């Protein structure tokens, strides 16, 4: 009686449906996370650009703007970590879907299922895939985070020196480049393919 209620094919179909929805949701969430970050940066940038030059030159305002842009660069790091986790979640869902497909391929060897599936466990795109949408969204966040950190350095320099100097721009660009390549390395490190033998 219980075997009639718990149909294995129904359970596997429900699992396949759940995993496909989870993969879709991870993609949707990546777009939402990035959009939220872009809106936040855009709002701060619009507010900053609307300030009068004399007002920005004030030491207190420059320190406040430096702090706000530094927070935006931290927010970029957190957003990037969310994008990494969502890419990992998508990949885990796709691998689990492929495992279910492998089960059916083994169970129904006489049916030509294999030709119907574009991806198998061996051909699923890697977690770190340059020029994928996921990578480009992460790159966008990293670039804006680096620009925010450069702005923070510039405003801090303006607060300390009272005037814009060439050395402040050099330091700001240097700090932004370090931040950019560090976050790019973090993105790659967290999404690298582990050794399958381990």
Discussion item. Normalised by the empirical 2.2 N^0.38 Å for globular proteins, what value does the Cα Rg of region 8-191 take?
Written reply: 1.44
Fill in: Ordering of 20-29, 40-49 by burial proxy (mean other Cβ atoms within 10 Å per residue, highest first)
20-29, 40-49
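Classify region 11-90: rounded, prolate or oblate, from the alpha-carbon gyration tensor (a ≥ b ≥ c, eigenvalue square roots; a/c under 1.5 rounded; otherwise prolate if a/b is larger than b/c)?
It comes out prolate by the Cα gyration axes.
Can you tell me the length gained on complete extension of the stretch residue 31 to residue 12, counting 0.36 nm per residue apart and subtracting the Cα distance?
Values: separation 19, 0.36 × 19 = 6.84 nm, distance 2.93 nm.
Using 0.36 nm per residue and subtracting the Cα-Cα distance, I get 3.9 nm.
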Worksheet item: Simple spin-label model, 7 Å along Cα-to-Cβ: residue 100 to residue 189 in nm?
Response: 3.5
Discussion item. How much length would be gained if the chain were fully extended between residue 78 and residue 46, taking 0.36 nm per residue of separation minus their Cα-Cα distance, in nm to one decimal?
Written reply: 9.3 nm
Worksheet item: For labels at residue 165 and residue 140 in the simple 7 Å Cα→Cβ model, what's the distance in nm?
Response: 3.8
Item to complete: State the extension gain, in nm to one decimal, for the chain segment bounded by residue 181 and residue 22, taking 0.36 nm per residue of separation less the distance between their alpha-carbons.
Response: 54.1 nm
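Read-outs throughout are calculated quantities, based only on the coordinates presented, and are distinct from any laboratory measurement. Owing to the predicted nature of the structure, the values given are computational and were not obtained by experimental measurement. Heads up, the Cβs are rebuilt from the backbone with ideal geometry, glycines too, and the neighbour counts pull from every protein chain shown.
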